[in-house]
Amino acid sequence: MARSAVGPTYTDGIPALIISDEGPEGAAAEAAVALAGGRGGGRVAWSGAVERLDRQAALGLMMVEAEHVPDSLLEEVLPRIAALAEAAGARIVIALTDRQIDLVAAHLLAGRAELLCTPSVADRAAAAAAAMAMAPRPGDRLQDTTRDAERLKRLNAEVARIVKVLARLTRESEATMTTDAEDPAGESGEEMLPEVDPKSITARDVRETIRVRRLRDQFFQRGMFEDPAWDMLLDLYAAELERSQVSVSSLCIAASVAPTTALRWIAKMTEAGLFVRQADPFDKRRAYMALSPAARDGMEGYFVSMKRAGLIVA
């Protein structure tokens, strides 16, 4: 495989295994690894992937091309890919179609995997470079552990703002309720806000908020107000109030961004403890997403606070 024209990089020496059949996708994966500066560890066809993965040892990256692979074969191979990545500390970059989101996410959401929907060579190369920067180098597992810890630290900091805001709103809501209870006649001279029963928050309230947010796209350039984290929190909260379940693919649609971007945010929110993945007991090809208890409490506190103040949630 040709080496990258950009010269030696930190990713030099990272062994990368490509799982792909012959065709343009396999060529794109090989080009991506070369552009990222990785060292080719060979390519294996899907028909031989199980045997190869069962005996694979040291590995830094798996470039997986799943776009034209039958679901039955994916179901057989994906668990082995996940297990090998965990055992070897390897990273995964997997190209897939929108139709495959639920099946792939059931096995490889968050953690060490980067999911790319119908990516270009440039998309693959960027993901491969980022993955190899965090992958273990041969004989250098200690440094990889340090880099992984640093990555998790940055990731937690990136999403921590959401957690803090939700927690603060919950505390403020509880504090306001307590103050009103202690000062029922409003003796402090401040305007009393009406009490709001958290059980009065309905799915319709949340769905109307979502409709208001989407209304902006009719008057401004689409994408100007992208906020996938908040859009997904709203969708999952509404679903919980409706007692319905949300698949990963449905949550990607609710995020109102490109599927690859949505999947990246779902992974971040899951690692930050805001989302939880729930396996479908009747269909291993699908996983559902839900709010964690902390996120659910935060959303409830937020809506109660807004309703008490008579404000519009947007």
Legend entry - Stretch gain in nm, segment A309-Q221, where the contour uses 0.36 nm per residue and the Cα spacing is subtracted: 28.6 nm
Inset, instruction - Would you please put 293-301, 218-226 in order of how densely packed they are, using the mean number of other Cβ atoms within 10 angstrom per residue and starting with the highest? - result: 293-301, 218-226
Legend entry - Average accessible surface area per residue within the range 241-314, 1.4 Å rolling probe, Å²: 47 Å²
Inset, instruction - Could I have the simple spin-label model distance between R99 and A45, label points 7 Å from Cα toward Cβ, reported in nm to one decimal? - result: 2.2 nm
Legend entry - Calculated log₁₀ intensity ratio I(q)/I(0) where the Debye formula runs over C-alpha points of the range 217-314, q = 0.19, 0.22, 0.24 Å⁻¹: -0.97, -1.19, -1.32
Inset, instruction - Can you pull the one-decimal nm distance between simple spin-label points at D54 and E195, each 7 Å off the Cα toward Cβ? - result: 6.5 nm
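The values are calculated or read from the model by the stated rules, or taken from the named source; none is laboratory data. Model, not experiment: these values are computed from the prediction. Ideal geometry is used to build each Cβ from the backbone, glycine not excepted, and the neighbour counts take in all protein chains shown. The protein model used for the area step is the full one, side chains on, heavy atoms only, and it has no ligands, DNA or RNA in it. Shrake-Rupley method; radii C 1.70, N 1.55, O 1.52, S 1.80 Å.
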